[in-house]
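Here is the structure we will look at.
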Amino acid sequence: MDTFLPIFPTAYLPSVLYLAHVAMFPAIAIERKETFPKQTFRNRMTIATGNGVQTLTVPVVRPNGNHTRTEEMEVSYGEPWNIRHWRAIVTAYNTSPFFLYYQDDLERIFMERHTLLIELNDKLLHYLLQKLKIACDILFTEEYAPAGNPADDYRYTLVSKRPTTQYALPPYSQVFDTRIGFQPNMSGIDLLFNLGPEAGLYIKSLASTLEKPRP
């Protein structure tokens, strides 16, 4: 792996801002050797519903306890979380302009059983990038790198449980915006269901306003 690739955390159906940062680069490396941190968006996402923002979390199993690496994190199917997540998505977006265009493919991914979290996240990330027409090669780290240049190390920012406030995201039409107002930085599916083919243009326009790290 090229050690100069920007490093990203794995993320479950990542946010608009995450995708905009990915769009800045021809290739990125997903961190897989880190000790899996708790309570981040590595295994959770947010959607805009009629009752406000809802967080959906993938239950995981740590086979090596607190020393489990991200690449070892297993998806738990002790409860039908995938069915519940899909039902929540349908409830939130079935009236959005483009839901029907993406429904079948996404439902198929949700109903598959994925052993590892990183495999589930990778499949969903590739799906989003394909539909957004973002050309970026996704690689994985071969060893853990300590925190380096903060300009090209996104492991501790883009999936933090703390809300991102340093970026002003342009509003777009959402299903419940007249009820709850515009909700920025939702999962990329929010953008896709509401904007359809124009979602990729939104991401690329947003990416053009972000500061690219210097070599």
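The residues of region 79-94 that are surrounded by 13 or more Cβ atoms within 10 Å (Cβ to Cβ) and polar (S, T, N, Q), listed by number, are ASN82, THR91. Each residue in region 14-36 was checked for being in contact with a Lys or Arg (Cβ under 9 Å, 6 or more places away or on another chain) and within 20 Å of MET73 (Cβ to Cβ), and 6 pass.
For region 20-33, which positions are crowded, with 18+ Cβ neighbours inside 10 Å and either farther than 17 Å from GLU211 by Cα or charged (D, E, K, R) (or both)? If the condition is that a residue be crowded, with 18+ Cβ neighbours inside 10 Å and either farther than 17 Å from GLU211 by Cα or charged (D, E, K, R) (or both), then ALA29, ILE30, GLU31, ARG32 are the ones that fit.
When region 191-211 is filtered for residues that are buried (at least 16 other Cβ atoms within 10 Å of the Cβ) and more than 11 Å from LEU19 (Cβ to Cβ), the ones remaining, listed by number, are PHE193, ASN194, LEU195, GLY196. Being farther than 23 Å from LYS38 by Cα and open to solvent by 80 Å² or more (accessible area, probe 1.4 Å) narrows it down to one residue among PRO97, PRO146; which is it? Exactly one residue qualifies, and that residue is PRO97. Every test in (1) in contact with a strand residue (DSSP E or B) (Cβ under 8 Å, 6 or more places away or on another chain); (2) under 16 Å from GLU119 (Cα atoms) is passed by ARG42 save one, and that test is (1). Per this entry, SER76 is not counted among residues that are within 17 Å of LEU128 (Cβ to Cβ), modelled with pLDDT of 95 or more and open to solvent by less than 50 Å² (accessible area, probe 1.4 Å). Considering each residue of region 54-72 in turn, none proves to be closer than 25 Å to ASP190 by Cα, open to solvent by 10 Å² or more (accessible area, probe 1.4 Å) and among the basic types (Lys, Arg).
The set of residues from region 159-188 being among the small types (Gly, Ala, Ser), part of a loop (DSSP other than H, G, I, E, B) and either closer than 19 Å to LEU13 by Cβ or at pLDDT 95 or above (or both) comprises SER160, SER173, GLY181.
The sole residue among LEU120, LEU128 that is touching a strand residue (DSSP E or B) at 6+ places or on another chain (Cβ under 7 Å) and assigned to a helix (DSSP H, G or I) is LEU120. Selection within region 34-52: residues that are β-branched (Val, Ile, Thr) and touching a helix residue (DSSP H, G or I) at 6+ places or on another chain (Cβ under 8 Å). The member of this set that is surrounded by the fewest Cβ atoms within 10 Å (Cβ to Cβ) is THR35.
All of (1) over 30 Å from PRO63 (Cβ atoms); (2) more than 14 Å from the chain's Cα centre (by Cα); (3) buried (at least 16 other Cβ atoms within 10 Å of the Cβ) hold for ASN185 with one exception: (2).
The values are calculated or read from the model by the stated rules, or taken from the named source; none is laboratory data. No experiment lies behind these values; they were computed from the predicted model shown. Virtual Cβ from ideal backbone geometry, glycine too; neighbours counted across all protein chains shown. Heads up: the accessible areas ignore ligands, DNA and RNA and are worked out on the full protein's heavy atoms, side chains in. Shrake-Rupley method; radii C 1.70, N 1.55, O 1.52, S 1.80 Å.
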